[in-house]
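Report on one structure; see the data block that follows.
The values are calculated or read from the model by the stated rules, or taken from the named source; none is laboratory data. Keep in mind the model is a prediction, meaning the values are calculated, not measured. Virtual Cβ from ideal backbone geometry, glycine too; neighbours counted across all protein chains shown. Heads up: the accessible areas ignore ligands, DNA and RNA and are worked out on the full protein's heavy atoms, side chains in. Shrake-Rupley method; radii C 1.70, N 1.55, O 1.52, S 1.80 Å.
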Amino acid sequence: MSFQQINTSCFYYQSSVNIGYVKQGDTGLLIDAGIDRSSVKKVLKELRKRELPLTHLFITHAHADHYGGGAYVQDQYNVHTSAPVFEEAVLRNPALEPLYLFGGNDPLPELKNKFLQGPPLKIDSVVEEGPVSFGEISADVFCLPGHSYQQMAIKINDTLYAADSYFSEETLFKHRIPYITDISKTIESLKRLRTLPFNGSVPGHGVFEKDPSATIQSNLNYHQGLLNWLLEYIKEEGEVSQETIVSSMCKHFDVHAPGLSQWLLYKTAVTAYLLGLMDKGLIEDRFVDYTWVFYVKCQ
Ligand SMILES: [Zn+2]
């Protein structure tokens with residue numbers, strides 16, 4: 001964990017979840033806020049030590065590991081807080097995340113943990129794709145969905161704070177089945193990332209890279225590998241339920257899901273790959289005995 005300077009105005013606090021920081025004149029912008037008070041406290045301490053201003057907060061997407069420390073920042077500083085459209089609804093009402101992961105049922109108490117639900121934030125403005133200014137800072141915001149419904153990356157002074165639009169290789173191999181909500185959008189966003197002009201990028205998890213194109217390609221290869229495995233598996237099974245697919249894929253990739261929270265995240269990710277195969281017309285779904293099943297489309 002350390003505070004890294006990228007260029008004259010761009011910094012990031014490197015940790016298991018990175019926190020970006022940009023300074024321009026008297027404006028200081030924090031990009032994401034870590035999972036909780038203790039993770040963001042280290043960054044605030046660093047800013048105080050270096051006498052750097054903090055006037056704005058931008059949250060890239062409404063996942064608790066990126067916004068959980070935000071309420072503490074709002075408590076300590078008078079920050080103008082912005083977030084992507086739609087994600088801001090979750091940031092103001094964080095109970096929505098365990099609610100949607102639990103399929104709309106009232107979440108069990110064990111789902112109200114800091115990994116799925118952070119303290120609510122006050123949102124001052126909603127951001128859409130395009131140029132945006134935060135005080136003296138000019139930025140370009142790009143909508144890169146797939147990992148989250150309206151996740152946004154932000155480019156300032158030629159540095160891209162990419163959030164979770166791609167992962168470091170280490171993160172991919174650690175999670176084995178990375179959390180995504182839509183594989184087609186994930187792949188589209190990765191391909192778009194390759195075309196964006198920037199000079200260096202900070203992912204949400206991983207390290208700054210001057211040229212992340214090899215890492216982005218690894219992400220594309222990794223997702224394609226999972227899609228290939230899933231298609232072969234369904235071919236072999238003939239017709240298989242979503243529940244069995246989730247269990248088989250988690251077993252095959254030996255993921256760590258000891259409880260309901262992790263299982264729900266993996267269920268969403270596995271379903272995202274299923275939807276991708278449907279999207280490509282490679283598999284079809286139907287209902288048999290009140291069970292949602294998938295099978296390979298006859299050519
Ligand atoms: Zn995320």
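The table that follows gives values for the structure above.
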read-out: For the stretch 177-185, 3J(HN,Hα) per residue [Karplus equation, 6.51 cos²θ - 1.76 cosθ + 1.60, θ = phi - 60°, Hz, x = Gly/Pro]; value: 10, x, 6, 9, 9, 7, 6, 4, 5
read-out: Size of charge dipole - the stretch 227-296 - debye, nearest 20, with Cβ of Lys, Arg +1 and Asp, Glu -1, no other charges; value: 200 debye
read-out: The chain: angle of helix 242-252 to the longest principal axis, Cα-based, in degrees nearest 10; value: 70 degrees
read-out: Residue 85 paired with residue 49, simple spin-label distance in nm, labels 7 Å along Cα-to-beta-carbon; value: 4.1 nm
read-out: Positive-end residue of 7, 167, 212, charge dipole of the chain with Cβ unit charges; value: 7
read-out: Difference of contour (0.36 nm per residue) and Cα-Cα distance, residue 286 to residue 242; value: 14.8 nm
read-out: Across 114/155; 155/191; 45/112, pairs whose alpha-carbon gap is larger than 19 Å; value: 114/155; 45/112
read-out: Cα-based Rg and Dmax for the stretch 208-249, where Dmax is the largest Cα-Cα distance (Å); value: 14.8, 46
read-out: Residue among 248, 91, 27 farthest towards the positive dipole end of the chain, charges placed on Cβ; value: 27
read-out: Cα radius of gyration and Dmax for the stretch 227-296 (Å); value: 11.7, 33
read-out: Restricting the stretch 208-266 to trypsin sites (Lys or Arg not before Pro) in coil, as DSSP defines it, with at most 14 other Cβ within 10 Å; value: 210
read-out: Accessible surface, the chain, averaged per residue in Å² (probe 1.4 Å); value: 46 Å²
read-out: Estimated distance in nm for a label pair at residue 122 and residue 297, the labels positioned 7 Å out from Cα along Cα-to-Cβ; value: 5.1 nm
read-out: Cα long-axis angle, helix 37-49 against the chain (0 to 90 degrees, to the nearest 10); value: 30 degrees
read-out: Student exercise, the chain dipole from Lys, Arg, Asp, Glu Cβ charges, in Debye to nearest 20; value: 700 debye
read-out: C-alpha center-to-center spacing [the stretch 219-233, the stretch 265-299] in angstrom; value: 14 Å
read-out: Hydrodynamic radius by Kirkwood, which averages 1/r over all alpha carbon pairs of the chain, in angstrom; value: 19.9 Å
